[in-house]
1. Among the residues of region 147-155, is there at least one that is of a type outside the set (Asp, Glu), buried (at least 17 other Cβ atoms within 10 Å of the Cβ) and not in a loop (DSSP other than H, G, I, E, B)?
2. Within region 72-93, can you find the residues that are over 16 Å from Asn163 (Cβ atoms) and in contact with a Leu (Cβ under 9 Å, 6 or more places away or on another chain)?
3. Kindly indicate which of Lys390, Lys383 is closer than 27 Å to Val278 by Cβ and either assigned by TED's automatic domain parsing to the domain that holds Lys246 or crowded, with 22+ Cβ neighbours inside 10 Å (or both).
4. Which ones in region 368-395 are at pLDDT 95 or above, over 28 Å from Gly15 (Cβ atoms) and touching a helix residue (DSSP H, G or I) at 6+ places or on another chain (Cβ under 7 Å)?
5. Can you tell which of Arg239, Arg221 is surrounded by fewer than 20 Cβ atoms within 10 Å (Cβ to Cβ) and either farther than 30 Å from Asp34 by Cβ or modelled with pLDDT of 95 or more (or both)?
6. Please work out which one of (1) under 26 Å from Asp307 (Cβ atoms); (2) touching a helix residue (DSSP H, G or I) at 6+ places or on another chain (Cβ under 6 Å); (3) buried (at least 23 other Cβ atoms within 10 Å of the Cβ); (4) not hydroxyl-bearing (Ser, Thr, Tyr) is the condition Asp103 fails and give its number.
7. Assigned to a loop (DSSP other than H, G, I, E, B) and assigned by TED's automatic domain parsing to the domain that holds Asn27: which single residue out of Val177, Val213, Val167 fits that description?
8. List every residue pair whose Cβ atoms lie under 7 Å apart, where the two residues are 6 or more positions apart in sequence or sit on different chains, the first residue falls within region 1-15 and is closer than 26 Å to Asp70 by Cβ, and the second residue, located anywhere, is modelled with pLDDT of 90 or more and of a type in the set (S, T, N, Q).
Amino acid sequence: MANTKAKISFHGAAGEVTGSRHLLELNGKSVLLDCGMFQGHRGDADAKNRTFRFPPASVDAVLLSHAHIDHCGLLPLLFKNGCDAPVFATPATAEIAGIMLADSARLQEGDAKFYNKLHAAEHLTIEPLYGEEDADAALGHFKQLDYGAGFEPVPGIKAKFLNAGHVLGSSMTQLDVETPAGPRRLLYTGDLGRAETLLLDDPAAPRGVDHLVIESTYGDRLHEPLADAAGKLAEVIKRAFREGGKVLIPSFALERTQEIIFILDKLRRDRTVPEIPVYVDSPMAVSLTEIFNKHRSNLCFDEKFRDYARADGDPFGFDYISYVRSKEESQRLNNLRGPMLIISASGMCEGGRVLHHLRNNLEKESSTILLVGYQAQGTLGRKLQEGAKKVKIFGLEHEVWASVETMHTFSSHADKNDLLAFIKAANPTRGVFLVHGDAEARAALSAALSAEGVKNVKCPAMGEEFELN
């Protein structure tokens with residue numbers, strides 16, 4: 001007899017930031033909320049990513065909140081291991097996921113090839129999680145739905161996507177579940193955007209929420225005001241101009257790169273900084289920026305940005321920024337002398353072309369490494385952020401003489417105050433599940449919620465399950 005209980009279990013981003021995977025079950029049917037890749041130290045990440053805590057073939061539907069790899073990056077492996085379910089997502093998320101997953105496959109194959117070559121004498125090898133054919137197969141399962149459009153992923157569950165304000169196409173998922181105890185509304189925020197944003201409209205909490213599953217990445221801190229972003233970036237550029245150095249910005253290709261380009265465009269337009277060459281060295285970031293440019297009049301963008309885009313005509317700098325696609329062009333950047341600014345993925349310095357730029361610049365005092373996003377524990381980015389004097393890249397040790405700076409201004413995640421305001425506005429009557437946060441951030445947010453009188457706050461452990469009563 002099928003299990004009639006409605007329950008949710010947590011299989012990723014429970015006590016850590018990356019690798020979101022949450023499973024909603026009802027009447028023998030399973031709905032997977034995101035299928036993200038864990039990002040961290042190679043050995044730890046490999047162990048967490050290669051094995052699912054549930055049978056992939058048992059999943060009847062996947063609801064994808066947005067196209068960041070830590071939310072969609074294991075979809076190809078899910079289908080490679082027997083899943084045959086539809087993947088529901090907004091049109092922009094589906095379009096962006098096509099680029100992100102193909103790039104993820106290429107990066108894994110390329111990094112494995114390079115690592116295996118470096119360590120051939122030691123007989124050390126690594127294998128990619130999946131290839132480009134697997135990514136293409138996963139994309140064949142996507143079904144696109146606009147914000148607010150109702151759908152039924154499995155019998156007994158009605159759903160719709162709401163704007164999450166995090167990245168282009170990002171959504172919260174509202175699920176109305178017919179449980180044995182009566183109807184229950186569950187809201188899964190995915191990654192929640194800030195109340196103050198550069199590009200996107202801010203998210204609004206829906207009414208009538210019973211259970212809330214919400215991220216807690218910045219549950220223990222506040223962001224620097226966005227108004228400070230231009231000034232800090234201008235200082236870094238001016239120093240590089242004076243010293244003839246390179247500024248390397250490891251950046252998430254989705255959203256963060258476009259935000260930085262937008263700030264650079266405004267600085268250039270206002271003649272605030274000296275003109276130095278700017279390179280966006282990431283084929284994926286180039287393609288994604290083109291998608292942003294195509295959608296720049298979309299209502300999911302903030303009204304101020306849409307007004308600027310209309311007046312400027314080229315808010316992403318296609319007329320003066322060098323967008324680098326080929327490997328040969330990327331390699332040539334290592335031989336050029338500064339000053340210059342290079343934006344390259346990945347944002348946590350865990351793969352891609354940024355690793356090659358770091359190899360060539362970490363030991364130079366004139367170089368600046370500007371970290372502009374969250375750096376998960378165990379990542380190379382976090383080690384640099386915490387002041388490591390020696391780091392390993394592709395298994396080889398490098399001394400760090402470059403200046404390493406961090407800007408928290410650009411975060412596209414809600415901070416502590418944003419999260420508290422959103423939770424109080426949603427007013428979940430039956431409980432809050434805090435996910436996608438380090439232990440310290442979750443504990444701090446849980447304590448703050450208790451102080452505000454919010455009851456039944458849970459910090460689920462990996463694999464823990466709860467009945468939606």
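The values are calculated or read from the model by the stated rules, or taken from the named source; none is laboratory data. Predicted, not measured: the structure shown is a model, and the values here were computed from it. Virtual Cβ from ideal backbone geometry, glycine too; neighbours counted across all protein chains shown.
1. Yes: one or more hits.
2. Step one: of region 72-93, the residues over 16 Å from Asn163 (Cβ atoms) are 72-87.
Matches in region 72-93: Cys72, Gly73, Leu74, Leu75, Pro76, Leu77, Leu78, Lys80, Cys83, Ala85, Val87.
3. Lys383
4. Hits for region 368-395 are Thr368, Ile369, Leu370.
5. Values: Arg221 fails: either farther than 30 Å from Asp34 by Cβ or modelled with pLDDT of 95 or more (or both).
Unique residue meeting the criteria: Arg239.
6. With respect to (1) under 26 Å from Asp307 (Cβ atoms); (2) touching a helix residue (DSSP H, G or I) at 6+ places or on another chain (Cβ under 6 Å); (3) buried (at least 23 other Cβ atoms within 10 Å of the Cβ); (4) not hydroxyl-bearing (Ser, Thr, Tyr), Asp103 is out only on (1).
7. Details: Val177 fails: assigned to a loop (DSSP other than H, G, I, E, B); Val213 fails: assigned to a loop (DSSP other than H, G, I, E, B).
One residue alone meets the criteria, Val167.
8. Gly12/Ser20; Ala13/Ser20
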